[in-house]
Structures are given as structure tokens and as C-alpha cells.
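One structure is given here, and the rest of the page talks about it.
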Amino acid sequence: MEWLRLFFLHPVSFYQGAAFPFALLFNYLCIMDSFSTRARYLFLLAGGGALAVAAMGSYAVLVFTPAFCAVALLCSLAPQQVHRWTFCFQMSWQTLCHLGLHYTEYYLHEPPSVRFCITLSSLMLLTQRVTSLSLDICEGKVKAASGGFRSRSSLSEHVCKALPYFSYLLFFPALLGGSLCSFQRFQARVQGSSALYPRHSFWALSWRGLQILGLECLNMAVSRVVDAGAGLTDCQQFECIYVMWTTAGLFKLTYYSHWILDDSLLHAAGFGPELGQSPGEEGYVPDADIWTLERTHRISVFARKWNQSTARWLRRLVFQHSRAWPLLQTFAFSAWWHGLHPGQVFGFVCWAVMVEADYLIHSFANEFIRSWPMRLFYRTLTWAHTQLIIAYIMLAVEVRSLSSLWLLCNSYNSVFPMVYCILLLLLAKRKHKCN
């Protein structure tokens, strides 16, 4: 089938699919209590190392090195200092790797290696796990390895203490994708018996498989429409709006299918939701909440639900610790974490402004719109506007280069964010007068 061939031609999908039998094997061995806790940590770590080498080749050293350094910092620093040092080191390392991508794309004008792009994606996910763990230690949620590398324990004892950290940072179900799993959840899953029953697992994975099948079929149909039509370089006036909407739809469908595949791999390994737990509960946070994303009429809701575990991580890491302009700081850091390409900087700053406008516009509307026909009309209008603004932001972030960004900004598509910018200025002025 063509959809299956195209889906597994994507490198990350191929390697995630190849890891599936090993995830099922790990979960089965946990259910059977066939091996010790230490053996489980080693299984996950060895699987992560093998998957990294297979997917990244020699670039895997760019992931192994910061993982080793992060564990060294976690085991040697005081809990109050660990987050600052691990954050600085991890983001510095990731930024240097992203600068290598900039050099290849913008200076040498060469397409980057696919394996290097996979490495950068994995490195970004590693940054999430490193900073999440360091925050947990700093906040007292996780007890740091007692004594650390400075104690007089033997080398084998040091390795045994650091093994859970190594395994968490490099465990194969989350190496190339998947929602952020906290260290506490990871440790509870490894140390306890699996909460995933075979019958429940079969139906959950079958449902995810059907979702991926539907999304990929839809992806194929939309891609044919996009390929047959004009692009941003040759579209005319209002035609550019249709081009933007269909292209962004293609990006969204691709993200949805890959998020569900990543979620399936975590679920197969036993790191999915527990039986009876709803997806919104603390602990398990799926990245793809398609129903909410496609029906919301609020940009702020879309921002919270898009790549949901990453949104929560950004909120915890940046937003809750920012004293001034927390929203702008959060989106600016997101642009840094993604690689600081021109389109990404513009897109994320634009998104921050749109969210700020969203708060004021909907507060004003809730105050003055009373009748249900007007509310229905308002909701329909803002839904369409929200979807078009999100499409605009998505294209800016995905095209990345200055030339493509210039084409997008010079098209009729810029009208939609401009409307929200004007409303933001007017409503902010009104709010200031009222205060």
C-alpha cells in the first residue's frame, strides 16, 4: 500500500517502527517478572544506545556526550546548583549543534545530513529530560544520588547509582520521539510490575494504528492537492490564503501521525497511561489532542494543547520562573530550543503576540456578547481566524529561511495576524484607561 510505503520512508518512522518489537518484549518481560530492576534499566539503556547508533550513525556521539556529562553533573553537584549548571551546559551544547546546521544550510548552502537532523531532534528531547530531572532534584521531588562521584565508593557502586539516570536519559522508547515522561514515572514503571494488560494493550494499540492509517490516507490526499496547486512563490492574491491553509494542514497531519506513532511505542513499552487513567491526568500527557486542536476558537488553547507535554515543560521551565513578560520569554526560549532559524524566531514571537491578543479579545467579547446567535457567529468567525493565524505561524516556523519568510509576509496571509495586532493595541489602550 502506498501510504504505508511513504510513511515508513520517513527515517524516524522507520526506526520507531523497528523499535516496536523490542518495546513489546520489554513490557512482556516486565509482566512476567522475568528480570531484575537493574536488568530492566540495562535493557532500556542498551536499546537506546543501539537505536541511536542505527539512526544517527557517528552523530550518536553528539547525544551520548551530553547525556554522560549531565549524569556527571547530576551526581556531583548539590541539589540547589544542579539545575542551573545542567541547563547551561545542555542548552550550550544543543546551540552549538544547531549552529552547525546553520553553517551547513546558510553558509555552505548544502542540504544537511538526514542522520544529523535526527540527532538534533533527539538532542532536543534529551534537553527536555535533562532539565525536567534537574528541576525535580532542585525542587526535592527526586532524591539525588547520595554521595555522588565525590564519595569514596567503588566504581561499580558509582555506576549502579548513576544507572537509573543514564537509562532515563537514553531509554529507547523516547529517544527519537514521544511525550515527556518524568523521572518519577519512569522509575515507577521500571521498578514496579507493568500496569498494561495484554487485552487492554491490544485494543489501545489497534486504535492508534487505525488513527495513523486514517491520518496517512488523508495526508496523501492533501499532499496531492498541494503538489497540484501553486506554491507561495507563484500564488496570486487570495489564492495564497488557500495555499497557506492546505500546506499547514499537511504539516499538521504529519505531526499528528508521528505523535501517535511515538505514543504507541511508549504505550507498547508500558510507559503509556495506566488502566482507568484519563489522558489529561497528571503523569501521562499525550502530545496529540486532535479533537481540541481542530475545534478550538482560541489561540491560547491551541498553544497549550499543541505538543502538549512540551507546552507543559516550557511552562514549568520558563513561564513559572519569569518575573517580567513571562509569555514572551517562554516563546522566545522555544525559538532558541528549536534552533533560532529566522522563520522560527519570527513565528514564535508572532505566536506570543497572538496569544496576548487572544486573551484581551475573548475577555472583551465575553463581556459584551450576550445573545446565543451572536455568540455562535463570534465563535465561528474566531475559529476560522484562529486556524488561519495558526497556519501562518506554522508556515513561518517550518519554512525557516529568510527568503521564504519574506514571501509569506508579503502575501495576503499577513492580514490575519495584523487584525489581531490592531485589536491588541486598541484593547490594551482601553484596558489601560479602565485601570
Do we have any residue at all in region 238-248 that's within 28 Å of Leu402 (Cα to Cα), among the β-branched types (Val, Ile, Thr), more than 22 Å from the chain's Cα centre (by Cα) and at pLDDT below 90? no
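Which count do you get for residues in region 206-243 that are among the acidic types (Asp, Glu) and surrounded by 13 or more Cβ atoms within 10 Å (Cβ to Cβ)? Steps first, answer last, please.
So the first thing to find is which residues in region 206-243 are among the acidic types (Asp, Glu), and the list is 216, 227, 234, 239.
Filter once more, keeping what is surrounded by 13 or more Cβ atoms within 10 Å (Cβ to Cβ): 216, 239.
Count: 2.
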Residues within region 19-70 that are modelled with pLDDT of 90 or more and at positive phi, tallied: 1
Got a sec? Which of Phe364, Phe377, Phe319 is in contact with a Ser or Thr (Cβ under 7 Å, 6 or more places away or on another chain), outside the structural domain of Tyr103 (by the TED database) and surrounded by fewer than 18 Cβ atoms within 10 Å (Cβ to Cβ)? Phe319
Selection status of Tyr59, open to solvent by 40 Å² or more (accessible area, probe 1.4 Å), in a helix (DSSP H, G or I) and aromatic (Phe, Trp, Tyr): yes
Answer yes or no as to whether Tyr103 is in a helix (DSSP H, G or I), more than 24 Å from the chain's Cα centre (by Cα) and under 23 Å from Gly339 (Cβ atoms). yes
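Let's see how each residue does on (1) open to solvent by 30 Å² or more (accessible area, probe 1.4 Å); (2) free of Cβ contacts under 8 Å to residues at least 12 places away in the same chain; (3) β-branched (Val, Ile, Thr):
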position	(1), (2), (3)
Phe333	no, no, no
Leu340	yes, no, no
Val355	no, no, yes
Pro373	yes, yes, no
Among (1) closer than 25 Å to Ala311 by Cα; (2) out of contact with any Ser or Thr (no Cβ under 9 Å at 6 or more places or on another chain), which single condition is Asp136 missing? (2)
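Give me the residue from region 131-156 that is in a helix (DSSP H, G or I) and modelled with pLDDT under 75 and, out of that set, least open to solvent (accessible area, probe 1.4 Å). Working first, answer last.
Of region 131-156, the ones in a helix (DSSP H, G or I) are 131-138, 148-150, 155-156.
Imposing the further condition that a residue be modelled with pLDDT under 75 reduces the set to 148-150, 155-156.
Working: Gly148: 4, Phe149: 86, Arg150: 177, Leu155: 135, Ser156: 73 Å².
Looking at the filtered set, the residue picked out is Gly148.
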Looking for something surrounded by 13 or more Cβ atoms within 10 Å (Cβ to Cβ), under 17 Å from Trp245 (Cβ atoms) and in contact with a Pro (Cβ under 9 Å, 6 or more places away or on another chain) - is there at least one such residue anywhere in region 406-429? no
Of these, Ala54, Ala60, Ala72, Ala46, which one is free of Cβ contacts under 8 Å to residues at least 12 places away in the same chain and outside the structural domain of His338 (by the TED database)? Ala46
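The values are calculated or read from the model by the stated rules, or taken from the named source; none is laboratory data. The structure displayed is predicted, hence computed values, not measured ones. Glycine also receives a Cβ, built like all others from the backbone with ideal geometry; neighbour counts cover every protein chain displayed. What goes into the accessible areas is simple: the full protein's heavy atoms, side chains included, and nothing from ligands, DNA or RNA. Shrake-Rupley method; radii C 1.70, N 1.55, O 1.52, S 1.80 Å.
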